[in-house]
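Reviewing the structure listed below.
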Amino acid sequence: MSDGLYRRHALASFLEGETGNGPENTAADLEVRPDYGYLNLRGEPNSERFMQTVQKTLEQPLPAEAGAFTSGQHTIYRLGPDEWLVASELGTENETAGRLAENLAGQCYSLVDVTGGQIMMRLRGPRAREVLARGCTLDLHPRAFKAGRCAQTTLAKTSMLIALADDAPTFDIIVRRSFAEYAARWLRHSGASIHSRVTPVFTGAGGNPVR
Amino acid sequence: MLLINCPWCGPRDESEFGYGGEADITRPADPDALTDEEWADYLFMRKNPRGLHREQWVHEHGCRRWFVLERDTVTYRFSDDTT
Amino acid sequence: MREAGVDIFHGCVVAGVSGRDGVRSVHVVSMSAGAGAVNGGVKTVHCDLLVMSGGWNPAVHLHSQAGGRIEWDDARACFVPGAVRQDHVSVGACNGSFSLDACLEEGKQAGLEAARACGFEPVPFSTPEAGREPPGAERPLQPLWSIPLPQSPLRHPKQFVDYQNDTTVADVYQAVQEGYRNVEHVKRYTALGFGTDQGKMGNINGMAVLAECLDKPVAEVGTTTFRPPYTGAGFGPCAGAAVGELYDPVRKTALHHWHEAAGAEFEVVGQWLRPWYYPREGEGMHDAVARECLAARRSLAIMDASTLGKIEVHGPDAVTFLERIYTHNVAGMKNGRCNYGIMLGEDGMVMDDGVMARLGDRHFYLTTTTGGAARVMGWLEQWLQTEWPDLNVYLTSVTERWSTIVLAGPAARKLLQGMDTDIDFGRKDFPFMTVRSGSLAGVPVRVFRVSFSGELAFEINVESDLAPALWQQFMAAGEQYGITPYGTETMHVLRAEKGFVIVGQDTDGSVTPLDLGMNRLLSKDRDYLGKRSLVRPDCQRPDRKQLVGLLCEGGRESLPEGTQLVERPGGAPPVPKLGHVTSSYHSPCLGHPIALALVSAGRARKGDVIHAALRDGRHVPIKVVSPVFYDPKGERQHV
């Protein structure tokens, strides 16, 4: 291993010693997701041409509203009026970026590969809202934050991108890489304090070969 | 704590925002043409009114967009019709 | 408590404390209820801690700031919320209701009413049984603002009222004797309530002591103004999660586990943990840093510089935008070119610095200081969005996407050339201050040939998840060159030997690029932020503090950073200050201490001897020299 090429997940140290064999059917489960490829896309939302080109290339609509995301081959989060985050299976982002760049040639846009800059965790279960609400300034009430919505907001003393995938509820939480350990510890602590068991489960390996 | 209405993200907690001071101060087009007094006025002098104040905010922990709000510096109430 | 062996003295007060550097014992005397004096009967209790109760005080701040009145409540001996002016309601302890039952009930009622007012029909629910309140909870308080000792309060032993500013009962009496009778005046005379707790612990007691002194009811003395912002003493620090590892985020680089395993000592930089130095068995910091410095100067050293802020700039107006922000000639940079860049505030002061690389016609990459990353990104966005929305430019932070590995030392090129790569690291093909992209050891990288050490150096950006693998490859391939990991301390020594400044250490927000001798970086033929300020009379003064180097005359004396500099020893105070030491290190490769300093008219003083005023009263003669101590022609980084 030491001589070969391998990827090391930002939470590898944190997960050492975690068995991944937590109890099932807990009130809230925290799962560390394997890495995705991430592209940050900026462009003019009022340009029909830009929106069409991106949709055609990704074969998926860009979320039209503020605070929405679309799922498909990619998950596309709308971060701001002219900013989107495209999450894809790790290893495909290069090819996706290449196709976007080719099709957008001559247009005004920005496409930056930000793979490796953030990690995703999934918090799921009937009491997941409570676990988050202790350190999140966003109104998480189902009336205010529905499935299909995403938001950039705070998580304790850091920031996160949070998306509500379904009404289980399942929250996908994206945090910056260097804050990953803090966020994971905080979520585990918050879960423990309401007698919900948050057990970090890692669904990928700690040292994946590059290819 | 204030609830601040981000024009893009909607109402959010004050702690998600950064404050940018008085709004509507335009950078002089030709700074070299200004006297030292005029330049200092642009640099340092602010109105600091008691009452209505147009000011800049940035949704730092959200969409990172800057916007302008009008706030009453006595009651902290934001005017509804500003964005 | 008694069963546990704890003595309880009823009807007693503490009338004195003994101990010089800490509490050693307290003197307990009896005092009957309502009595205006203590009864004597001293008992000494040996202890090392004295805890005092401030009683119960509602946090009326928000109520008061919202325009509500506050009233003195004699029975509860505290100020409670009175009539409201805005749509708010105080409940529970905030309203002066201190029993748990009352708190729960008031909270419930207020919650139900708020829900109804918002148009909801609340679902009935019951509050938990709080159980019997502890005996005595409902008994009226007997306030004891100060201990009524026989002597005049002005001659009392210290009875502290404000624990942060050490304001005593005697100080309050002194204020009144000096003629300060209004509570706002007494506050300013004594500093009562000016601490970081903003009077949360001692203010009420202080006001009551003032009332006693003036022989007035507390209600008449009133309170000082409750000014916003109000920040509660959170439960987090008292009993919640905001302690230990959750107190504040600790940011770690992708290589952190490697540094830990290598036995690194860490330094906190912003929220980041950075390797400070890597001591070997038996080494102290001085030895480790000397070894790391010499490795970089003589052969090969490796550093994790991942914490640098990194920003990508895209768009047809990227050049126009960057020329308004940075001071150097951006338009003239060819693709693949790197430049050292500084940005100024509109006041002309140096705000941040870093490397700018041109990756394409409309594509740039910027680095910022570790601590300045968020500030710079915010600064750029602010100008772009609020002042120049017409510019087509997009900014993206890539600080976390890339890890940065620095290879510094004469053997850096040989190491890279010996690895599997499609990048030509040859001297001609990869000159100083250029950037190349390609593959290195099977990993996609961006390599910047820049140098913060003055040596031949390459800064390699690699996707963070792949950084540990690449680092290990460097360590294995570098063994033949004695590759040595180095931390921030060695980085500081190396850069100080070269006279490279650290923004925020050698500058402090009052330093212009002219003060630093960076005139060459200032474009003459166009405007940029802060340029106009540089010609203000104050920025042109010949006696401004300028960056210089300092050498101790003949001695080995290492000057502490922050040391004040004066013309000559002696003289009647106030002695005019010439400036101060901003950076100071022992230089292992030169074999003597070096220092950087900001000195009034410093450049004109080169060769002069001035004096450092040390804390122990000595004045050390020092010579003003160029800030570049090592390789003044910069030949080593160009090899």
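The values are calculated or read from the model by the stated rules, or taken from the named source; none is laboratory data. Predicted model only: the values in this text are computed from it and were never measured. A quick note on method: Cβ atoms are made from the backbone with ideal geometry, for glycine too, and the neighbour counts reach across all protein chains shown. Ligands, DNA and RNA are excluded from the accessible area calculation, which covers all protein heavy atoms including side chains. Shrake-Rupley method; radii C 1.70, N 1.55, O 1.52, S 1.80 Å.
Just a few scattered comments:
- Qualifying residue in the range C:616-636 (condition: more than 30 Å from residue B:33 (Cα to Cα), among the acidic types (Asp, Glu) and touching a residue at least 40 places away in the same chain (Cβ under 8 Å)): yes
- Residue list for the range C:28-43, filter: in contact with a Ser or Thr (Cβ under 8 Å, 6 or more places away or on another chain) and at pLDDT below 90: C:38, C:39, C:40, C:41
- Residues satisfying the stated conditions in the range B:1-40, i.e. more than 8 Å from chain C (Cβ to nearest Cβ), free of Cβ contacts under 8 Å to residues at least 12 places away in the same chain and small (Gly, Ala, Ser): B:10, B:29, B:33
- Selection count where residues are open to solvent by 60 Å² or more (accessible area, probe 1.4 Å) and under 14 Å from the mean Cα position of the chain (by Cα), scope the range B:61-83: 2
- Residues that are under 15 Å from the mean Cα position of the chain (by Cα) number at least 3 in the following strands (runs of 3 or more DSSP E) confined to the range A:95-208: A:118-124, A:150-155, A:158-166, A:170-176.
- Counted as qualifying within the range C:426-497 are the strands (runs of 3 or more DSSP E) with 2 or more residues that are within 14 Å of chain A (Cβ to nearest Cβ) and open to solvent by 10 Å² or more (accessible area, probe 1.4 Å), namely C:435-440, C:443-448.
- Checked against (1) in contact (Cβ under 8 Å) with a residue 60 or more places away in the chain; (2) surrounded by fewer than 15 Cβ atoms within 10 Å (Cβ to Cβ); (3) among the polar types (S, T, N, Q), residue C:39 passes all but a single condition, namely (1).
- Of the set (1) surrounded by fewer than 19 Cβ atoms within 10 Å (Cβ to Cβ); (2) within 11 Å of chain C (Cβ to nearest Cβ); (3) over 27 Å from residue A:40 (Cα atoms), all apply to residue A:157 but (3).
- The residues of the range C:595-609 that are touching a residue at least 40 places away in the same chain (Cβ under 8 Å), open to solvent by less than 50 Å² (accessible area, probe 1.4 Å) and more than 26 Å from the chain's Cα centre (by Cα), listed by number, are C:600, C:601, C:602, C:605.
- In the range A:134-154, residue nearest to the other protein chains (Cβ to nearest Cβ) [restricted to those that are buried (at least 16 other Cβ atoms within 10 Å of the Cβ) and among the basic types (Lys, Arg)]: A:134
- Test: residue in the range C:408-416 that is surrounded by fewer than 23 Cβ atoms within 10 Å (Cβ to Cβ) and part of a loop (DSSP other than H, G, I, E, B): yes
- Matching residues in the range C:275-314 - criterion: being open to solvent by 20 Å² or more (accessible area, probe 1.4 Å) and either part of a strand (DSSP E or B) or within 11 Å of chain A (Cβ to nearest Cβ) (or both): C:276, C:277, C:314
- Hits in the range C:272-295 - residues which are over 20 Å from residue C:461 (Cβ atoms) and touching an Asp or Glu at 6+ places or on another chain (Cβ under 6 Å): C:276, C:277, C:289
- Pairs with Cβ under 7 Å, 6+ apart, first in the range A:129-151 and over 13 Å from residue A:173 (Cα atoms), second among the basic types (Lys, Arg) and buried (at least 17 other Cβ atoms within 10 Å of the Cβ): A:137/B:12; A:140/A:129
- Taking the range C:599-639 as the range and being touching a Pro at 6+ places or on another chain (Cβ under 9 Å), within 11 Å of residue C:550 (Cα to Cα) and part of a loop (DSSP other than H, G, I, E, B) as the test, only C:626 passes.
- The set of residues in the range C:325-375 that are under 30 Å from the mean Cα position of the chain (by Cα) and of a type in the set (Phe, Trp, Tyr) comprises C:326, C:340, C:365.
- Members of the range C:140-160 that are open to solvent by less than 40 Å² (accessible area, probe 1.4 Å) and either modelled with pLDDT under 80 or not in a loop (DSSP other than H, G, I, E, B) (or both): C:153
- Counting the residues of the range C:543-593 that are surrounded by 12 or more Cβ atoms within 10 Å (Cβ to Cβ) and touching a His at 6+ places or on another chain (Cβ under 8 Å) gives 14.
- Look at (1) open to solvent by less than 90 Å² (accessible area, probe 1.4 Å); (2) closer than 18 Å to residue C:346 by Cβ and you find that residue B:49 fails only one, number (2).
- Identity of the residue in the range C:193-204, within 13 Å of residue C:225 (Cα to Cα) and hydrophobic (A, V, I, L, M, F, W, C), that ends up least open to solvent (accessible area, probe 1.4 Å): C:204
- Count of residues meeting criterion [closer than 22 Å to residue A:6 by Cβ, more than 8 Å from chain C (Cβ to nearest Cβ) and of a type in the set (Gly, Ala, Ser)] in the range A:88-126: 2
- The residues of the range A:167-176 that are farther than 15 Å from residue A:31 by Cα and either of a type in the set (Lys, Arg) or open to solvent by less than 50 Å² (accessible area, probe 1.4 Å) (or both) amount to a single one, A:176.
- Positions within the range C:32-63 being under 17 Å from residue C:92 (Cβ atoms) and outside any loop (DSSP other than H, G, I, E, B), in sequence order: C:61, C:62, C:63
- Boolean, residue C:417 is within 14 Å of chain A (Cβ to nearest Cβ) and more than 32 Å from the chain's Cα centre (by Cα): no
Per-residue answers, yes or no, for (1) at positive phi; (2) at pLDDT 95 or above; (3) surrounded by 15 or more Cβ atoms within 10 Å (Cβ to Cβ); (4) among the small types (Gly, Ala, Ser):
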| position | (1), (2), (3), (4) |
| --- | --- |
| A:5 | no, no, yes, no |
| A:8 | no, no, yes, no |
| A:29 | no, no, yes, no |
| A:35 | no, no, yes, no |
| A:52 | no, yes, no, no |
| A:56 | no, yes, no, no |
| A:77 | no, yes, yes, no |
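- Any chance residue B:54 is basic (Lys, Arg), out of contact with any Pro (no Cβ under 9 Å at 6 or more places or on another chain) and within 9 Å of chain C (Cβ to nearest Cβ): no
- None of C:113, C:121 is surrounded by 10 or more Cβ atoms within 10 Å (Cβ to Cβ), of a type in the set (Asp, Glu) and either modelled with pLDDT under 90 or over 24 Å from residue C:54 (Cα atoms) (or both) except C:113.
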